[in-house]
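The values are calculated or read from the model by the stated rules, or taken from the named source; none is laboratory data. Since the structure is predicted, the reported quantities are computational estimates derived from the model, not experimental observations. So basically every Cβ, Gly included, is an ideal-geometry build from the backbone, and we count neighbours across all protein chains shown. SASA here: full protein model, heavy atoms, side chains in, ligands and nucleic acids out. Shrake-Rupley method; radii C 1.70, N 1.55, O 1.52, S 1.80 Å.
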Amino acid sequence: MGKLDEFFKSLSERKKKSELDVLEEIEDALRMGEIDRAIELTGELESESNLFLALRMLLRSILERLRKAREEGELDDLGRMTERVKELIPTVNSLLNPRYRALLLGDLAVLFYLLNDELNGDIALRTAINLARDSADIIRDILMELINSGLLRKAGYAMKMVREPEKLDVVLVHLAEMFYRAGDVEKARLITEHISSAFHRAMALYYLAEIEGDRNREEALRILEAAFKTAEDIEDPEARFEVMLKLYDLKHSLLGQSLSLKDVLSKREAPPQ
């Protein structure tokens with residue numbers, strides 16, 4: 001009976017372990033590079049939010065290790081790493097929350113691409129974009145992960161899959177601003193051209209001019225002129241007025257002048273051209 005008592009005592013102790021304890025064990029395992037142990041521990045989580053958190057940590061850890069291996073030219077174990085990633089697909093797909101699944105599938109897509117498994121990468125990416133179709137913030141996160149991983153072609157592929165291009169406008173404005181701030185003017189310009197709505201395209205140009213204002217005032221004013229022309233195509237008069245106000249405010253600031261509302265008000269009711 002001693003061994004049986006010991007077994008039930010051990011079982012009881014395991015049941016008392018909280019999910020926070022499990023998450024901490026997973027974190028410790030990842031810190032030690034014990035990927036298999038971390039994967040095994042995810043089976044002890046019942047809460048969907050905790051399972052999502054564990055899988056996100058796990059995928060990010062694998063991604064970090066893969067990036068490091070690529071940088072150091074140590075890619076001998078790609079087959080084993082690919083199998084580890086594939087093992088996680090059923091667990092990811094078991095999540096009911098579409099936002100959770102979309103984010104994790106986006107991470108999986110990046111991993112598959114870096115592991116030279118384009119087929120599974122495309123499947124994961126298509127599914128992620130489909131799940132995130134109504135969530136611009138999730139689409140942004142997926143695109144940013146692709147871009148930060150140097151997968152620009154796949155980021156473009158993902159943009160083409162979005163059913164309603166206008167949902168990408170907020171994301172594209174952010175990306176244009178990010179690339180321009182980093183000095184990649186050409187990439188920022190190309191992204192701006194893909195913004196579908198005049199409102200967001202004008203706002204993107206506004207942000208670029210604002211950044212350029214600290215570098216080259218004349219170039220900033222040139223960008224602003226393009227923003228003014230774009231803003232004239234905004235159909236909603238209130239939205240057009242809002243953008244014009246911002247543009248004139250920035251223009252006068254660059255010129256060292258006080259803002260005059262005369263020009264702005266004259267544009268408020270002007271019909272789009």
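Any chance the range 73-96 includes a residue that's free of Cβ contacts under 8 Å to residues at least 24 places away in the same chain and either open to solvent by less than 10 Å² (accessible area, probe 1.4 Å) or under 17 Å from the mean Cα position of the chain (by Cα) (or both)? Checked the range 73-96: no residue is free of Cβ contacts under 8 Å to residues at least 24 places away in the same chain and either open to solvent by less than 10 Å² (accessible area, probe 1.4 Å) or under 17 Å from the mean Cα position of the chain (by Cα) (or both). Condition (residue is farther than 23 Å from residue 144 by Cβ and at pLDDT 85 or above) applied to the range 96-106: is it met by at least one residue? Looking through the range 96-106, at least one residue is farther than 23 Å from residue 144 by Cβ and at pLDDT 85 or above. Taking the numbered list (1) in contact (Cβ under 8 Å) with a residue 24 or more places away in the chain; (2) among the hydroxyl-bearing types (Ser, Thr, Tyr); (3) open to solvent by less than 60 Å² (accessible area, probe 1.4 Å) in turn, residue 192 passes all entries but (1).
The residue of the range 197-224 that is most open to solvent (accessible area, probe 1.4 Å), among those that are under 29 Å from residue 136 (Cα atoms), part of a helix (DSSP H, G or I) and not aliphatic (A, V, I, L, M), is 210. Looking for something within 26 Å of residue 70 (Cβ to Cβ), acidic (Asp, Glu) and surrounded by 22 or more Cβ atoms within 10 Å (Cβ to Cβ) - is there at least one such residue anywhere in the range 122-131? Within the range 122-131, not a single residue is within 26 Å of residue 70 (Cβ to Cβ), acidic (Asp, Glu) and surrounded by 22 or more Cβ atoms within 10 Å (Cβ to Cβ). Residue 105 meets the stated requirement of being touching a Ser or Thr at 6+ places or on another chain (Cβ under 8 Å) and of a type outside the set (Ser, Thr, Tyr).
In the range 225-243, the qualifying residues are those that are of a type in the set (Val, Ile, Thr) and either in a helix (DSSP H, G or I) or closer than 16 Å to residue 184 by Cα (or both), and the one that is most open to solvent (accessible area, probe 1.4 Å) is 230. If we keep just the residues of the range 137-152 that are of a type in the set (D, E, K, R) and at pLDDT below 85, which is surrounded by the fewest Cβ atoms within 10 Å (Cβ to Cβ)? Taking the candidates together, the pick is 137. Residue pairs whose Cβ atoms lie under 8 Å apart, separated by 6 or more positions or on different chains, with the first residue in the range 218-235 and under 13 Å from residue 250 (Cβ atoms) and the second assigned to a loop (DSSP other than H, G, I, E, B), are 220/213; 221/255.
The single condition among (1) of a type outside the set (Val, Ile, Thr); (2) in a loop (DSSP other than H, G, I, E, B); (3) outside the structural domain of residue 59 (by the TED database) that residue 150 does not satisfy is (3). Among the residues in the range 169-178, are any open to solvent by less than 20 Å² (accessible area, probe 1.4 Å), closer than 24 Å to residue 114 by Cβ and assigned by the TED database to the domain that holds residue 64? No, the range 169-178 contains no residue that is open to solvent by less than 20 Å² (accessible area, probe 1.4 Å), closer than 24 Å to residue 114 by Cβ and assigned by the TED database to the domain that holds residue 64.
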